[in-house]
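S.K.: Quick one: this structure, given as structure tokens, is what I'll be asking you about.
The values are calculated or read from the model by the stated rules, or taken from the named source; none is laboratory data. Because the structure is a prediction, the values reported are computed rather than measured. Cβ placement follows ideal geometry from the backbone for every residue including glycine, while neighbour counts extend to all protein chains displayed. To get the accessible areas, we keep the full protein, side chains included, count just its heavy atoms, and leave off ligands, DNA and RNA. Shrake-Rupley method; radii C 1.70, N 1.55, O 1.52, S 1.80 Å.
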Amino acid sequence: GQNIDQPTEMTATEGAIVQINCTYQTSGFNGLFWYQQHAGEAPTFLSYNVLDGLEEKGRFSSFLSRSKGYSYLLLKELQMKDSASYLCAVPLWSGGYNKLIFGAGTRLAVHP
Amino acid sequence: DTEVTQTPKHLVMGMTNKKSLKCEQHMGHRAMYWYKQKAKKPPELMFVYSYEKLSINESVPSRFSPECPNSSLLNLHLHALQPEDSALYLCASSQESPGQGRVYEQYFGPGTRLTVT
């Protein structure tokens with residue numbers, strides 16, 4: 001089975017840096033996804049990590065340590081529009097297919 | 001174009017009604033998904049279609065009936081729903097089937113906010 005843990009809520013200041021952590025326990029590993037979801041909107045894909053290390057994509061970076069079952073999403077130069085939920089997700093192999101299992105999400109509030 | 005479209009955006013239906021949700025993608029993706037999302041909860045997988053065939057049914061009640069008329073379209077037929085079925089219904093697609101090998105990112109539509117009265 002899968003177990004995915006993320007902090008429920010975080011707050012940060014505009015212009016600052018914030019790190020959102022995700023720990024997971026899985027019987028097999030086939031990568032880890034991060035999605036952003038603004039209130040009332042669809043999740044949008046941010047990153048996919050399958051190998052250890054840091055991947056940078058503009059203001060957002062994602063890190064993975066497979067041995068520790070740990071990932072984080074790093075958001076730099078925070079903007080008000082970054083206020084959203086951030087969902088960590090891992091595929092679960094079941095019945096011949098990978099099903100994406102989401103963590104509960106971290107609600108990030110960015111204030112001036 | 002990475003757009004997945006869904007109609008309607010909002011739907012209010014009674015428990016005896018029959019309605020359908022529609023989803024469309026023109027990215028040539030071979031897998032399409034239905035998710036249910038309750039407020040402040042993550043999306044929960046309902047169905048997966050791979051190459052227009054139903055691959056995964058997450059033990060969803062039969063009052064929800066999916067249909068994939070072609071590779072670009074996905075429907076969710078609703079009948080005799082309960083108030084607890086009120087939620088945001090999200091459609092998603094991915095480049096390839098979520099089988100063995102690389103797992104592709106899913107692109108989500110804006111969702112249909114369903115209220116069952």
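S.K.: Give B:Lys22, B:Lys9 a once-over and let me know the one that is of a type in the set (Lys, Arg) and within 11 Å of chain A (Cβ to nearest Cβ).
M.R.: The unique qualifying residue is B:Lys9.
S.K.: For the range B:97-112, check the following and say yes or no: at least one residue is open to solvent by 80 Å² or more (accessible area, probe 1.4 Å) and touching a residue at least 12 places away in the same chain (Cβ under 8 Å).
M.R.: No; the residues of the range B:97-112 include none that is open to solvent by 80 Å² or more (accessible area, probe 1.4 Å) and touching a residue at least 12 places away in the same chain (Cβ under 8 Å).
S.K.: Please enumerate the residues belonging to the range B:82-96 that are buried (at least 22 other Cβ atoms within 10 Å of the Cβ) and either more than 9 Å from every other protein chain (Cβ to nearest Cβ) or in contact with a Lys or Arg (Cβ under 9 Å, 6 or more places away or on another chain) (or both).
M.R.: B:Tyr89, B:Leu90, B:Cys91, B:Ser93, B:Ser94
S.K.: Next up: Residues that are under 21 Å from A:Ser94 (Cβ atoms): find the strands (runs of 3 or more DSSP E) completely inside the range B:43-117 holding 3 or more of those.
M.R.: B:44-50, B:53-57, B:64-70, B:87-94
S.K.: Pull up the range A:60-102, narrow it to residues that are outside any strand (DSSP E or B), open to solvent by less than 50 Å² (accessible area, probe 1.4 Å) and within 17 Å of A:Glu41 (Cα to Cα), then point me to the one that is farthest from the other protein chains (Cβ to nearest Cβ).
M.R.: Looking at residues that are outside any strand (DSSP E or B), open to solvent by less than 50 Å² (accessible area, probe 1.4 Å) and within 17 Å of A:Glu41 (Cα to Cα), I get A:Asp82.
S.K.: Further question on the same structure: When the residues of the range B:1-42 are filtered to those that are charged (D, E, K, R) and not in a loop (DSSP other than H, G, I, E, B), which remaining residue is least open to solvent (accessible area, probe 1.4 Å)?
M.R.: B:Lys36
S.K.: Looking only at residues that are touching a Gly at 6+ places or on another chain (Cβ under 6 Å) and hydrophobic (A, V, I, L, M, F, W, C) in the range A:79-112, which one is farthest from A:Ala16 (Cα to Cα)?
M.R.: Among those residues, the one meeting the criterion is A:Trp93.
S.K.: Let me ask something additional. Checking the condition at the interface with chain B (Cβ under 10 Å from one of its Cβ atoms) and without any contact (Cβ under 8 Å) to a residue 24 or more places away in the chain, which residue from A:Thr8, A:Thr44 passes?
M.R.: A:Thr44
S.K.: Applying the selection to the range A:31-59, what residues are open to solvent by 40 Å² or more (accessible area, probe 1.4 Å), within 15 Å of A:Leu100 (Cβ to Cβ) and not hydroxyl-bearing (Ser, Thr, Tyr)?
M.R.: Passing the criteria: A:Phe45, A:Val50.
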